[in-house]
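The values are calculated or read from the model by the stated rules, or taken from the named source; none is laboratory data. Predicted model only: the values in this text are computed from it and were never measured. Glycine gets a Cβ as well: all are built from the backbone with ideal geometry, and neighbour counts include every protein chain shown.
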Amino acid sequence: MNLRLQQLIQNNSVQDETSECWLWTGQISNSGYGRMMIKNDNNQTQMESAQQISYRAYIGEITTGMLSRQTCHNRLCVNPAHLELFDPDAWCK
Ligand SMILES: [Zn+2]
């Protein structure tokens, strides 16, 4: 749980009442996912995907090498209830 990141997610998304998706209203990458420059623990700014930020904000830190994805298949969704972790290496095999 990270209150600063939760605030950031709240400020950059709107809730869709039908799907219950939280739709990202900030910057969108070429691949169609939300993204944002955020400060890391070393106070350096880095680009991170919106679903990664939301997962860290509401659920917990993400193990190195793992990614979060939307179980609702909406690339702009940042509702933590619609996010799950997966291992991209295992996914490709
Ligand atoms: Zn969703």
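Being touching a residue at least 24 places away in the same chain (Cβ under 8 Å) and among the aliphatic types (A, V, I, L, M) is the filter here, so list the residues in region 33-70 that pass it. Those that are touching a residue at least 24 places away in the same chain (Cβ under 8 Å) and among the aliphatic types (A, V, I, L, M): 36, 38, 50, 53, 57, 59.
Are any of the residues in region 57-64 farther than 13 Å from residue 5 by Cβ, outside any loop (DSSP other than H, G, I, E, B) and at pLDDT 95 or above?
Among the residues of region 57-64, not one is farther than 13 Å from residue 5 by Cβ, outside any loop (DSSP other than H, G, I, E, B) and at pLDDT 95 or above, which makes the answer no.
Inside region 13-22, can you point out the residues that are in a strand (DSSP E or B) and out of contact with any Gly (no Cβ under 9 Å at 6 or more places or on another chain)? Spell out the reasoning first.
Restricting attention to region 13-22, the residues satisfying the condition of being in a strand (DSSP E or B) are 13-15, 22.
Matches in region 13-22: 14, 15, 22.
The residue that is surrounded by the fewest Cβ atoms within 10 Å (Cβ to Cβ), counting only those in region 13-43 that are closer than 18 Å to residue 83 by Cα and acidic (Asp, Glu), is 17.
Of all residues in region 55-93, those that are over 10 Å from the mean Cα position of the chain (by Cα) and basic (Lys, Arg) total 1. Going by what's in this entry, would residue 46 be described as part of a helix (DSSP H, G or I) and either more than 12 Å from the chain's Cα centre (by Cα) or surrounded by fewer than 13 Cβ atoms within 10 Å (Cβ to Cβ) (or both)? When the stated conditions are applied, residue 46 does not pass them.
Within region 71-93, the set of residues being within 16 Å of the ligand (Cβ to nearest atom) and free of Cβ contacts under 8 Å to residues at least 40 places away in the same chain comprises 71, 73, 80, 83, 84, 85, 86. Taking (1) of a type in the set (S, T, N, Q); (2) assigned to a strand (DSSP E or B); (3) exposed (fewer than 11 other Cβ atoms within 10 Å of the Cβ) in turn, residue 68 satisfies each apart from (3). Considering 51, 10, the condition of being part of a helix (DSSP H, G or I), surrounded by 11 or more Cβ atoms within 10 Å (Cβ to Cβ) and within 15 Å of the ligand (Cβ to nearest atom) is satisfied by 51 alone.
Restricting attention to region 33-48, which residues are out of contact with any Gly (no Cβ under 9 Å at 6 or more places or on another chain) and more than 14 Å from the ligand (Cβ to nearest atom)? Don't jump to the end; show me each part of the working.
Let us first name the residues in region 33-48 that are out of contact with any Gly (no Cβ under 9 Å at 6 or more places or on another chain), namely 33, 37-48.
Within region 33-48, 37, 38, 39, 40, 41, 42, 43, 44, 45, 46, 47, 48 meet the criteria.
Taking the numbered list (1) surrounded by 12 or more Cβ atoms within 10 Å (Cβ to Cβ); (2) assigned to a helix (DSSP H, G or I) in turn, residue 90 passes all entries but (1).
Of the residues making up region 59-70, those that are within 16 Å of the ligand (Cβ to nearest atom) and either among the polar types (S, T, N, Q) or under 15 Å from residue 12 (Cα atoms) (or both) are 68, 70.
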